[in-house]
Amino acid sequence: MNILLLGPQGSGKGTQAKRIREEYGLAHVSTGDMFRAAIARRTPLGLEVEPILARGALVPDPLTIGLMRERLAEEDATAGFILDGFPRNAAQAEALDELLSELARPLDVVFEFQIADDVCIERMLKRARAEGRPDDTPEAIGTRLAIYHSETAPLVEHYRTTGKLVGVHADREIGAVWAEIQSALEQVHVA
């Protein structure tokens with residue numbers, strides 16, 4: 001099963017991706033996690049993307065698409081994957097469509113995490129305090145939400161046309177969101 005999670009930062013995509021991974025044994029593919037790991041390891045990629053992420057900006061498409069191409073070729077992703085944080089704009093969505101077509105591994109479902117900005121901001125500020133995330137400053141949060149609305153939110157229509165888009169009420173507590181996702185996944189899994 002190949003799943004895409006679409007929603008703003010702080011909507012709970014990462015939390016739910018981990019639950020899906022545990023329940024269904026799929027690879028959790030998070031560009032944010034991959035970039036943060038590269039930064040922590042002080043790799044050339046990490047050094048290049050660190051100031052970009054600190055500003056709350058998007059990493060340039062060629063870097064992100066190349067990273068995604070490599071990640072989806074890894075063995076654990078061949079049985080199925082959960083995309084978390086990619087694509088974030090139309091160019092990335094087109095590149096993903098092409099890549100998945102090449103790999104003959106189409107998306108089975110696209111979850112749109114529906115949530116108000118104020119809830120996302122509250123969650124990200126709480127996460128920043130709990131985890132010490134340097135990219136969760138109020139300025140970076142504002143920038144990321146603005147970019148989400150201008151560049152990523154339009155992808156909802158792109159995926160709606162596939163007939164695979166499922167809206168998720170992401171402003172509720174974790175268990176209620178999980179129940180909604182699991183119900184939809186069971187329908188996809190049976191189909």
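The values are calculated or read from the model by the stated rules, or taken from the named source; none is laboratory data. Computed from a prediction, not measured in an experiment: that's the story for all the values here. Cβ sites come from the backbone with ideal geometry, for glycine too, and all protein chains shown count toward neighbours.
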Open item on the list: Could you go through the range 89-99 and let me know if any residue there is under 30 Å from A176 (Cβ atoms) and not polar (S, T, N, Q).
Closed with: yes
TODO: Considering only the range 23-77, state which residues are at positive phi and modelled with pLDDT under 90.
DONE: G56
Open item on the list: Quick test of your reading of the structure: A77 fulfils all but one of (1) in contact with a strand residue (DSSP E or B) (Cβ under 9 Å, 6 or more places away or on another chain); (2) closer than 20 Å to S150 by Cβ; (3) of a type in the set (G, A, S). Name the failing condition by number.
Closed with: (2)
- [ ] Output the number of the condition that A128 fails; it satisfies all remaining conditions of (1) modelled with pLDDT of 90 or more; (2) crowded, with 17+ Cβ neighbours inside 10 Å; (3) more than 15 Å from the chain's Cα centre (by Cα).
- [x] (1)
Open item on the list: Suppose we keep only residues that are part of a strand (DSSP E or B) and touching a Ser or Thr at 6+ places or on another chain (Cβ under 8 Å) within the range 84-110. Which one would you say is surrounded by the fewest Cβ atoms within 10 Å (Cβ to Cβ)?
Closed with: V110
Open item on the list: Whether any residue in the range 40-57 is assigned to a loop (DSSP other than H, G, I, E, B), among the aliphatic types (A, V, I, L, M) and farther than 22 Å from D108 by Cβ is what I want to check.
Closed with: yes
Task: the range 46-70, subset acidic (D, E) and free of Cβ contacts under 8 Å to residues at least 12 places away in the same chain, residue surrounded by the most Cβ atoms within 10 Å (Cβ to Cβ) - done: E50
Open item on the list: Looking at the range 70-83, can you tell me whether even one residue there is touching a Gly at 6+ places or on another chain (Cβ under 9 Å) and of a type in the set (A, V, I, L, M, F, W, C)?
Closed with: yes
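Within the range 74-83, is even one residue buried (at least 17 other Cβ atoms within 10 Å of the Cβ), over 20 Å from I141 (Cβ atoms), touching a residue at least 12 places away in the same chain (Cβ under 8 Å) and out of contact with any helix residue (DSSP H, G or I) (no Cβ under 9 Å at 6 or more places or on another chain)?
Taking the range 74-83 as the starting set, the residues that turn out to be buried (at least 17 other Cβ atoms within 10 Å of the Cβ) are 77, 80-83.
Retained after the next criterion (residues that are over 20 Å from I141 (Cβ atoms)): 77, 80-83.
With the extra rule that they be touching a residue at least 12 places away in the same chain (Cβ under 8 Å), the set shrinks to 77, 80-83.
Imposing the further condition that a residue be out of contact with any helix residue (DSSP H, G or I) (no Cβ under 9 Å at 6 or more places or on another chain) reduces the set to none.
The answer is no, given that none of the residues of the range 74-83 is buried (at least 17 other Cβ atoms within 10 Å of the Cβ), over 20 Å from I141 (Cβ atoms), touching a residue at least 12 places away in the same chain (Cβ under 8 Å) and out of contact with any helix residue (DSSP H, G or I) (no Cβ under 9 Å at 6 or more places or on another chain).
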